[in-house]
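Beneath this line is the structure, given in structure tokens, with notes to follow.
The values are calculated or read from the model by the stated rules, or taken from the named source; none is laboratory data. Given the structure is predicted, the values throughout are model-derived calculations rather than measurements. Just the protein is used for accessible areas: all its heavy atoms, side chains included, with ligands, DNA and RNA removed. Shrake-Rupley method; radii C 1.70, N 1.55, O 1.52, S 1.80 Å.
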Amino acid sequence: MNETLKVLETRRSCRNFDKDKMVSEEDINAIIKAGTYAATGMGKQSPIIIAVTNKELRDKISAENAKIMGVDIDPFYGAPVILIVLANTDVVTYKYDGALVMGNLMNAAESLGVSSIWIHRAKEEFDSEFGKKILADLGIEGNYEGIGHCALGYKAAPLNEAAPRKADYVYYIK
């Protein structure tokens, strides 16, 4: 089977990361690069990616995300790396652009043997003073909306098999 198709068929979300094993900088950079090559409406490249490997900031983001979620757990399942995708709302396709970046990040991670999961609530995080401060500290200006977090790390346990595809997933018109 073609390697790309194999990655697309076998990637699964990880909900149990090895907290003690950091993803190499080389792999993080390769995953990010793949994200930057996602298709975007009219080639406008509306998304940005914030790569968080600093444990202190990672834990603060986790706590903020948990607060938004209304729980007292780590929403990132112990993943040591968080890639946060935001997109410029001035571009009409920003949500789709950001979603495609997230897909590229997760599929690139899988191709390198790195596990991933998409975690939501980035919109709420970056609508808050907490998120706005992160953007200001990085010198990011503009109308950015959080799209998602791509949590990265190495699985601590086997991942689930794919569920069977539903019978009415595809309709053909010939």
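A few remarks follow.
- Bridging of Lys55 to aspartates and glutamates at a Cα separation below 12 Å is possible for Asp20, once same-chain residues fewer than 8 apart are set aside.
- Contour minus Cα-Cα distance for Ala157 and Asp90 (0.36 nm per residue): 20.0 nm
- The stretch 153-174 and the stretch 112-128 have Cα centres spaced 20 Å apart.
- Over 20 Å (Cα to Cα) - which of Lys60/Lys132; Lys95/Lys166; Lys60/Lys155; Lys67/Lys123; Lys60/Lys123 fall in this group: Lys95/Lys166; Lys60/Lys155
- Helical content of the chain, expressed as a calculated mean residue ellipticity at 222 nm, amounts to -12000 deg cm²/dmol (DSSP H runs of 4 or more residues, -39,500 (n - 2.57) each, divided by residue number, nearest 500).
- Accessible surface comparison of Leu152, Leu159, probe 1.4 Å, protein chains only, largest first: the order is Leu159, Leu152.
- With θ taken as phi - 60° and the Karplus curve 6.51 cos²θ - 1.76 cosθ + 1.60 applied, the whole-hertz 3J(HN,Hα) list for the stretch 37-43 is 9, 5, 5, 9, x, 6, x Hz, x standing for glycine and proline.
- Each Cα pair under 8 Å and six or more residues apart adds its sequence gap; the mean of these over the residue count of the stretch 50-174 is a relative contact order of 31 percent.
- Grouping the Cα pair distances of the stretch 4-71 into 5 Å bins from zero gives a pair-distance distribution of 3, 10, 13, 21, 22, 17, 10, 3, 0 percent in increasing distance order.
- Length gained on full extension, Glu26 to Tyr171: 48.1 nm, using 0.36 nm per residue less the C-alpha separation.
- Taking the stretch 47-114 and dividing mean pair separation by its residue count, relative contact order in percent (alpha carbons under 8 Å, at least six apart): 36
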